[in-house]
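Colleague: What follows is a single structure, and I will ask about it in a moment.
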Amino acid sequence: MSIIEARGLGRRYGKRWALEDCTLSLPEGRLVALIGPNGAGKSTLLNMIVGLTAPTAGELTVLDGHPAGSPAALDGIAFVAQDMPLYRNLTVADMVHLTRNLNVSFDTAAANRRLADLGIDPKQKAGKLSGGQQAQLALSLALARQPRLLVLDEPTAPLDPLARHDFMATVMTAMAEDGISVILSSHLLAELEKVADHLVLIADGRVRVDGPVDELIDAHRLVTAPRGALPQGCDVIESSGSHQLVRLAAPLPAALPSRPVGIEELTLAYFRQGTLIGAAS
Amino acid sequence: MTTLTAAPGVGLRPVRWSRLGWVTWRRYRFTLAAVVLVLAALSLELVLSGQHLRSAYDAVKACTPAASPRCRFLDESFHNTYGGGGFLAPVLLLLPGILGAFAGAPLVAKELETGTFRFAWTQGAGRMRWAVSLLLPAGLVLALLLAALGRLVAWHDQPLADAGIQSRLEPVTFSTSGVAVAAWALLGFALGAFAGVAWRRVLPGVASAFGAWFGLAFLATRVRGHYLAPLRTTSMQLSPRNLSVDEWWTKGGARVPSTQIDATLRSLGAEVSPHGVKVHVVPNSGSVDPIQYLLDHGYRQVTTYQPASRYWTLQWIETGWLVGLSVLLLGAAFWLLRRRAA
């Protein structure tokens, strides 16, 4: 089952391609992390997935073949946009009621329960809530829609570490309890290491790496040896004198000293490399 | 590549309009209350000044004998007091455009400006249903409120038309009463909605919408006399209840250039000053009446005009093109909305 299917997807603004030739197949029930520097095209891809932006080129289907932005796609995907846009002069209770009225399926009781657990006063104006509470309100409204896919665009960027932790805890609980899929964009690499199942790396409008996190980790190693000492078929991602970050085609000879690399290290190496790498797997 | 179950939207019922209507109501009830309050204040002023106007006019009508100096003085002071239209006239003239632009432009533009459209357009209802449930009720309510105000304006101005002070076809009454006032408000709203979506900003949206509305309102004062072929008369005593469109002099059935008429009048010692379409002729003391002189010498003044009885026909013609233009603008706004990328 794939939750997102993109083929040759692209979006152009004027003469600039914000995203180009993107081919992806993202699995259901996972937390997909969309990583890239600012302006890489992450938001463009997410906006196309949630139907806010129409593709300029290629095809994009969601939730088993529904065109992005179609009624079924809108119904099954909940989106928490960057900076959590909410109607600031409405109360929390009004925001819950309003979101219920804008959707076919909405679990009001669940939303109210979640907000009560978080200690958010229903009579409070949405604009008066703290940053962390606004994020939790936006997330609670999205989850109460009982979506198949939850799309989060840089949700934790404006939050302090504690609020960030609480936010991610809510997301992980919803994934475990309701089996929803999550796509999350971020440039905070460290926090994703623990939660992401699947990684999509975007830079300069192109997908550079796409694959399950464990496979990507297994496929890369940091070798402590000069470049010439590497066996045939090794793809050198980054080279710094005596250290080579390589993508393995075959197991390394046991004699070569090497260690596994983390997501952060791997990601940075790909971004620094700046050349197009074919999708993994 | 896709299976049958993947057909988009199968078995999915859309969000009910009543629910979407609740959203619009909840978000804009205070705005609506503010608009109603402004209109109520204006209405109160219209009722009070309308009662003054009526009692003054009743006094003029009740005065006998009509030719007595006292009655002439009453009549003259009635004309002087109420001839100018009062301070409400410019307010009422601009009100449909101001309210329309201020109501129409921010509805979508504010969402685009603050980013809340990312929330609103990704809900299950989708952006088109959301936009329809927002724009249509707002536009209709505004038009209905202005139509109600227009009835009051028509009542208020009735003695002015009866007394021959001001034709109901003059812009001051015509575009602020009847059905046209609602259509002018709808046009302001549609211009606002379109400009708001096009600019994606509230202030440029409001400003350009009002500017365009003002231009069209000015244009309408120029073309209104030509909605229907004007009637023509050679009577010099055209009732001021009608709207005069144009006038010129003829001799023997041929049109005489106004320069020639002016020269003739000057040779008689009259001062000629162009003032709108009318030429005021001020006879010098002791000389012959220059107008009578022209008539005696075979000149005839031709006046084209719209009779007061055409008020409703002209109202519906104006309403027709205004509503047509508004529908086009709203359609363009929806088209832009559908294409708008985040």
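The values are calculated or read from the model by the stated rules, or taken from the named source; none is laboratory data. Every value quoted in this text rests on a predicted model; they were computed, and no experiment measured them. So basically every Cβ, Gly included, is an ideal-geometry build from the backbone, and we count neighbours across all protein chains shown.
Colleague: Looking only at region B:4-21, filter to residues that are outside any loop (DSSP other than H, G, I, E, B) and modelled with pLDDT of 90 or more; which one of those is farthest from the other protein chains (Cβ to nearest Cβ)?
Modeller: Only one residue fits best here, namely B:TRP17.
Colleague: A follow-up question, please. Would you point out the residue of region B:108-166, among those that are within 11 Å of chain A (Cβ to nearest Cβ) and of a type in the set (Val, Ile, Thr), that is surrounded by the most Cβ atoms within 10 Å (Cβ to Cβ)?
Modeller: Checking each candidate, the answer is B:THR122.
Colleague: While we're on this one: Restricting attention to region A:72-84, which residues are at the interface with another protein chain (Cβ under 7 Å from one of its Cβ atoms) and either over 17 Å from A:ALA144 (Cα atoms) or in a helix (DSSP H, G or I) (or both)?
Modeller: Those that are at the interface with another protein chain (Cβ under 7 Å from one of its Cβ atoms) and either over 17 Å from A:ALA144 (Cα atoms) or in a helix (DSSP H, G or I) (or both): A:ALA72, A:LEU74, A:ASP75, A:ASP83.
Colleague: Still on this structure: Within the set of pairs 6+ apart or on separate chains, which have a first residue in region B:195-217 that is closer than 25 Å to B:ARG339 by Cβ and in the same structural domain as B:ALA180 (by TED's automatic domain parsing), a second that is acidic (Asp, Glu) and assigned to a helix (DSSP H, G or I), and C-beta atoms under 9 Å apart?
Modeller: That search, which allows pairs on different chains as well, returns B:ARG200/B:GLU113; B:ARG201/B:GLU113; B:VAL202/B:GLU113.
Colleague: Please work out if A:GLY10 is closer than 17 Å to A:ASP204 by Cα and either part of a strand (DSSP E or B) or within 14 Å of chain B (Cβ to nearest Cβ) (or both). If you could, list the steps in order and put the result at the bottom.
Modeller: Numbers: closer than 17 Å to A:ASP204 by Cα: yes; either part of a strand (DSSP E or B) or within 14 Å of chain B (Cβ to nearest Cβ) (or both): yes.
Yes: the conditions hold for A:GLY10.
This table checks each residue for (1) part of a strand (DSSP E or B); (2) closer than 27 Å to A:GLY76 by Cβ; (3) touching a residue at least 40 places away in the same chain (Cβ under 8 Å); (4) in the same structural domain as A:ALA6 (by TED's automatic domain parsing).
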| position | (1), (2), (3), (4) |
| --- | --- |
| A:MET175 | no, yes, yes, yes |
| A:GLU193 | no, no, yes, yes |
| A:VAL223 | yes, no, no, no |
| A:PRO231 | no, no, no, no |
| A:ALA254 | no, no, no, no |
| A:GLU264 | no, no, yes, no |
| A:THR267 | no, no, yes, no |
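Colleague: Looking at B:GLY196, B:GLY253, B:GLY192 in this structure, which one is surrounded by fewer than 14 Cβ atoms within 10 Å (Cβ to Cβ) and either touching a helix residue (DSSP H, G or I) at 6+ places or on another chain (Cβ under 8 Å) or of a type outside the set (Asp, Glu) (or both)?
Modeller: After ruling out the rest, the residue left standing is B:GLY253.
Colleague: Would a scan of region A:91-107 turn up a residue that is within 13 Å of another protein chain (Cβ to nearest Cβ), in a loop (DSSP other than H, G, I, E, B) and under 20 Å from the mean Cα position of the chain (by Cα)?
Modeller: no
Colleague: From the set of residues in region B:311-341 that are over 22 Å from B:TRP213 (Cα atoms) and surrounded by fewer than 19 Cβ atoms within 10 Å (Cβ to Cβ), which is nearest to the other protein chains (Cβ to nearest Cβ)? Quick ask: steps written out before the conclusion?
Modeller: Taking region B:311-341 first, the residues over 22 Å from B:TRP213 (Cα atoms) are B:311-313, B:338-341.
From what's left, surrounded by fewer than 19 Cβ atoms within 10 Å (Cβ to Cβ): B:312-313, B:338-341.
Working: B:TRP312: 42, B:THR313: 44, B:ARG338: 9, B:ARG339: 7, B:ARG340: 9, B:ALA341: 4 Å.
Here the answer is B:ALA341.
Colleague: Further question: Mind listing just one residue for me: the one in region A:108-121 that is loosely packed, with under 15 Cβ neighbours inside 10 Å and part of a loop (DSSP other than H, G, I, E, B) and, of those, farthest from the other protein chains (Cβ to nearest Cβ)?
Modeller: So, considering only residues that are loosely packed, with under 15 Cβ neighbours inside 10 Å and part of a loop (DSSP other than H, G, I, E, B), the one farthest from the other protein chains (Cβ to nearest Cβ) is A:GLY119.
Colleague: Right, next: Pick from A:GLY36, A:GLY58, A:GLY8, A:GLY14: which is under 21 Å from A:VAL80 (Cβ atoms) and of a type in the set (Gly, Ala, Ser)? Outline the logic, then answer.
Modeller: Numbers: A:GLY58 fails: under 21 Å from A:VAL80 (Cβ atoms); A:GLY8 fails: under 21 Å from A:VAL80 (Cβ atoms); A:GLY14 fails: under 21 Å from A:VAL80 (Cβ atoms).
So the residue among A:GLY36, A:GLY58, A:GLY8, A:GLY14 that is under 21 Å from A:VAL80 (Cβ atoms) and of a type in the set (Gly, Ala, Ser) is A:GLY36.
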